[in-house]
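Here is the structure we will look at.
Throughout, read-outs are computed from the coordinates displayed, never taken from laboratory work. Please read these numbers as outputs of a predicted model, since none were measured by experiment. In this analysis, Cβ positions are derived from the backbone assuming ideal geometry, glycine residues included, and neighbour counts consider all displayed protein chains.
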């Protein structure tokens, strides 16, 4: 059924006149008459009769009117659902306890009028595919993984350099240290049950282990952050990586410590990925907010994996070559 003709029919029913309906629809009276004639032909019934006072509904017109209103309302809702600025901005934050989830929360506080739909996609391949296909408007990722490049039309903007810290219990050898050099991690067991092969964070920690020698242990089921911290609190040998930006609350009795890593500071590179042709105004607001509020990187020498260097091209009107990118917390568990 031609919804433009249905809309003309409803306009005539409401105004009682072809001429008034034409004005309301910004059409000529002749165009409105043609739409009604086509609708009546399609349905095989007479819907309206002209009278000296204007137009009146036939019995069939009266029967169609409530259904016609439902069709118009459905069309309006469908249009609003996808109109840029009307639908919610859909953003993938990887994990709700990741630092990127916090970035989006801060954005929401600054722009509460922008509706958000926050999702968590697991790996970079799924996220980039969803971004390319329009299933999400933006995603936060460490780019690029070894051997990967972003598809054409997708840009990456660094938004956070997140320094890692060592999380240890009170009996660990580093529990009383004011800081630990990254080289001192050699041989120490770092338990990360959420460090799943094939993900960008697994690639990150794999190169970190190769560079500085910590033993990244992924054995065992991932029961979440609380279970991980329970184990760390009672162990004199096991540690994990966390960040000040990772939301965590642990019992006072755990006496856990976050020890800064230095010389160099390992940072995990978070970038905002988005399509250049996405017209959603909320996406522009999110990008501009993250660029304007991007935290300064930590002092001193930084370490990031070789594959995570920013793309050597001009993106978003700025040269990213040589910039240091953002970082993500230890793993989905963290």
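Taking Cα atoms only, the orientation of helix 99-110 departs from the longest principal axis of the chain by about 50 degrees.
The C-alpha atoms of the chain define a longest principal axis, and helix 29-43 lies at about 80 degrees to it.
Working note: 222 nm ellipticity from helices only, DSSP H runs with n ≥ 4, each -39,500 (n - 2.57), summed and divided by the residues of the chain, gives -11000 deg cm²/dmol to the nearest 500. For region 187-226, a/c is not less than 1.5, where a ≥ b ≥ c are the root eigenvalues of the C-alpha gyration tensor, and a/b does not top b/c. That puts it in the oblate class. For residue 250 and residue 179, the difference between the fully extended length at 0.36 nm per residue and the C-alpha to C-alpha distance is 23.4 nm. When the chain is treated as a Gaussian network with alpha carbon springs shorter than 10 Å, the biggest mean-square fluctuation among 42, 137, 278 belongs to 42. Stretching residue 14 away from residue 189 to a fully extended chain increases their span by 55.5 nm, per 0.36 nm per residue minus the current alpha-carbon distance. Here, P(r) means the percent of Cα pairs in each 5 Å bin from 0 to the largest distance; for region 164-268 it is 2, 12, 24, 28, 22, 10, 2, 0.
Cα convex hull, region 11-55: 62 Å³ per residue, rounded to a whole number.
Computed extension gain for residue 111 through residue 285, at 0.36 nm per residue and net of the alpha carbon distance, reaches 61.8 nm. For region 244-307, the spread of Cα positions along the three principal axes, ordered from largest to smallest, is 50, 32, 21 Å.
With distances taken between every two different alpha-carbon atoms, region 1-148 has a Kirkwood hydrodynamic radius of 19.1 Å. Equivalent ellipsoid of region 99-191: semi-axes from √(5λ) of the C-alpha gyration tensor, largest first, are 34, 20, 12 Å. Given R0 = 45 Å, the distance between the Cβ atoms of residue 74 and residue 235 translates into a calculated FRET efficiency of 0.15.
Could you list, bin by bin from short to long, the percent of Cα-Cα pairs of region 3-82 in 5 Å steps? For region 3-82, the binned pair fractions read 3, 16, 27, 27, 17, 7, 3, 1, 0 percent.
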